[in-house]
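I have placed the structure first, in the form of structure tokens, so that the comments after it can refer back to it.
The numbers here are math on the coordinates, done by the rules we state, and not lab data. Keep in mind it's a predicted model, so treat the numbers as computed, not measured. Every residue, glycine among them, receives a Cβ derived from its backbone with ideal geometry; neighbour counts consider all protein chains shown.
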Amino acid sequence: MRAKGTVRLGGTVAAFALAALGVAAPQAQAAATGASVAPDCHGICVLGVRAATHPDFDRIVIDLGEGTIPTWTATESTEPLTCCADPEPQIIPITGKTYLRIQVASAGTFDWNTSTSVYTSPRWEAYGFPSLKGQGLYGTNDPENRDFPLGLALGDHSSYKIFKLTSPNRIVVDINH
């Protein structure tokens, strides 16, 4: 039985009141206000990749989370893409005439807040496009890695360009036919 004049607060109302006072943990504060805790990928989060073909070019898009879009490097090679030296590196099963390795600095696929992956795309995927034959994550399979390694298998192409777009954040690679 409650004393006269006392009010029993529901869990959500009580959590909101504590959050307003700064008493609750950040996750509780976020839950109380209806917000979610942003993933911590030790840099920007890589959410996934997607691809499409167009009349003059093929496009791959690296979808990113919120934050400053990082820098990247790109190198072209004739060596097939390999992944995950455990115990030996395995060749990623996508083939091309050449391979474009894109390393996105300070970008990860692992949320350290929840100990889960935020990356929703396949680790590798083959395409039947004129210039883009497939994509795959190469390098190590280590969540401590601070760079995102994406490899592209290319067929015949004359050139490519890489650029960034915002709202939402993404890195785009156009491979000309």
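A few notes on this one:
- Within-11-Å neighbourhood charge of ASN176 [Cβ basis; K, R +1; D, E -1]: -2
- Summed residue charge, Cβ within 9 Å of ALA51's Cβ, Lys/Arg positive, Asp/Glu negative: 0
- In this calculation the C-beta distance from THR71 to THR120 is compared with R0 = 22 Å, giving a FRET efficiency of 0.40.
- Length gained when the stretch TRP112-LEU165 is fully extended (0.36 nm per residue, less Cα-Cα span): 16.5 nm
- A Stokes-Einstein calculation at 4 °C with viscosity 1.567 mPa s, built on the Kirkwood radius of the stretch 44-176 over Cα pairs, returns a diffusion coefficient of 87 µm²/s.
- Ordering 168-176, 91-99 by mean Cβ neighbour count within 10 Å, with the highest value first, yields 168-176, 91-99.
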